[in-house]
1. If you take just the strands (runs of 3 or more DSSP E) that sit entirely in region 267-362, which of them hold at least 1 residues that are charged (D, E, K, R)?
2. Look through region 39-65, keep the residues that are touching a strand residue (DSSP E or B) at 6+ places or on another chain (Cβ under 6 Å) and either surrounded by fewer than 15 Cβ atoms within 10 Å (Cβ to Cβ) or in contact (Cβ under 8 Å) with a residue 12 or more places away in the chain (or both), and return whichever of them is nearest to Ala28 (Cα to Cα).
3. Glu144 - would you say it is outside the structural domain of Gly231 (by TED's automatic domain parsing) and surrounded by fewer than 17 Cβ atoms within 10 Å (Cβ to Cβ)?
4. Answer yes or no as to whether Val138 is at pLDDT below 95, buried (at least 24 other Cβ atoms within 10 Å of the Cβ), outside any helix (DSSP H, G or I) and under 22 Å from the mean Cα position of the chain (by Cα).
5. Is it the case that Leu124 is outside the structural domain of Glu24 (by TED's automatic domain parsing), within 30 Å of Val15 (Cα to Cα) and assigned to a helix (DSSP H, G or I)?
6. Counting only residues that are of a type in the set (A, V, I, L, M) and within 21 Å of Ile232 (Cβ to Cβ), how many does region 275-295 have?
7. Would you mention how many residues in region 153-187 are within 15 Å of Ala213 (Cα to Cα) and in contact with a Pro (Cβ under 8 Å, 6 or more places away or on another chain)?
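The values are calculated or read from the model by the stated rules, or taken from the named source; none is laboratory data. Values in this document were obtained by computation on a predicted structure and should not be read as measured data. Glycine gets a Cβ as well: all are built from the backbone with ideal geometry, and neighbour counts include every protein chain shown.
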Amino acid sequence: MATRKTTKRLYLIPVLSKALDILELLQAENQPMTLEAIHRQTRISKTTVYRVLKTFVHRGYLAQSPDGLYRQVTRPKKMRFGFAGQSADMPFSVEVSESLKNSAASVGVDLLILDNKYDAATALKNAEEFVRSKVDLVIEFQVEQEVAPMIADKIAEAKIPMIAIDIPHPHATYFGVDNYRVGVEAGETLAKFSNENWGGKVDWVLGLDLAEAGQLVQSRMTGAFEGVRSGIPDLPVELFVRMDGRGMRDRSKKLVSDFLQRHPKDKHILIAAATDWSALGALDAVYEQKREKHVVIVGQDCIAEAIAEMRRDRSPLIASVSHETNSYGPNLIHLGLSLLRGQTVPPYNYVEHKLVTRESLL
């Protein structure tokens, strides 16, 4: 009776084995090689060799010279960035975190993520944790301008480079929107609506501000008011009212609700909000008091809930300025790596923004 031959099953990944064959060949040869030479010696298809080589170059294991030769490079230690998110409860902050996580993973950067919880004391503790963890670079996203120098001092003392998102910090490279310009576009949109639908009649212009973030972020409201004035030049200054919504939904709802209760229902009101979260709070108040016909709102950030609301027919939320959160991650990682390589980068790095309206969503 013939014995049945059995073989032990090997759990191998063919393409990974080929990639390692290529890397080991370059290690053994210890000199630059062409794609053609690697193909001949490994007998792996040229397409696979090409893709493996490009992947190794992208991840820093190989370098390619201008004449097309590939060589192994000394592998630097894996970079570790610290990211302090504004708040896990804020949709815009969550979108930024997701974009950053995806981009860090794509280039092999480790990411230590902490939550500032929209709280100054927590942000300070997180800065101390980054120093203890000896991260290579800090990306800071926190809203309290008053605590910014304290955070920046801790990070600078540890000689760690820092990037600050949206709110400037001493010693840090700035990354975020051009706050004044996004405000202007919001104000121009409000004025255009008034001219086209109310004959330019406006009784109040409300700015839901974010005072604690400091003057740069407050320039969103300065820009919004200027944008309204550029479209409706003769509005008296006393019709423009700033309110500190703190970028929060509940607080903004209360402020707008109190204002609406104090003023007659036939008054035409334009509202510019520093964030979509504030804009949605204002919207809650408008719906609750049935003032949809005489109030329009423009927000900032273009979060998913704001987009869904803008799609509704006759919604008072007529537009939001998208800060293009998908671009935050790739740009922040590129900026961070450039700083660590000693490259010169601009002190202020602005993300592209885009006005989104109901019409543009159709």
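1. Numbers: elements: 269-273, 295-301, 317-322, 348-350, 354-357.
So the answer is 295-301, 354-357.
2. Restricting to residues being touching a strand residue (DSSP E or B) at 6+ places or on another chain (Cβ under 6 Å) and either surrounded by fewer than 15 Cβ atoms within 10 Å (Cβ to Cβ) or in contact (Cβ under 8 Å) with a residue 12 or more places away in the chain (or both), the top hit is Leu62.
3. No, not satisfied.
4. On the way: at pLDDT below 95: no; buried (at least 24 other Cβ atoms within 10 Å of the Cβ): yes; outside any helix (DSSP H, G or I): yes; under 22 Å from the mean Cα position of the chain (by Cα): yes.
Spelling it out, it is not the case that Val138 is at pLDDT below 95, buried (at least 24 other Cβ atoms within 10 Å of the Cβ), outside any helix (DSSP H, G or I) and under 22 Å from the mean Cα position of the chain (by Cα).
5. Numbers: outside the structural domain of Glu24 (by TED's automatic domain parsing): yes; within 30 Å of Val15 (Cα to Cα): no; assigned to a helix (DSSP H, G or I): yes.
So Leu124 fails the test.
6. Filtering region 275-295 for residues of a type in the set (A, V, I, L, M) gives 279-280, 282-283, 285-286, 295.
If we keep only those that are within 21 Å of Ile232 (Cβ to Cβ) too, we end up with 279, 282, 286, 295.
Within region 275-295, residues that are of a type in the set (A, V, I, L, M) and within 21 Å of Ile232 (Cβ to Cβ) number 4.
7. 3
Yes/no per residue for (1) closer than 22 Å to Ala156 by Cβ; (2) free of Cβ contacts under 8 Å to residues at least 60 places away in the same chain; (3) of a type in the set (Asp, Glu):
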| site | (1), (2), (3) |
| --- | --- |
| Gly68 | no, yes, no |
| Val94 | no, yes, no |
| Ser99 | no, no, no |
| Ala105 | no, yes, no |
| Ile113 | yes, yes, no |
| Lys117 | no, yes, no |
| Ala120 | yes, yes, no |
| Ala123 | yes, yes, no |
| Glu129 | yes, yes, yes |
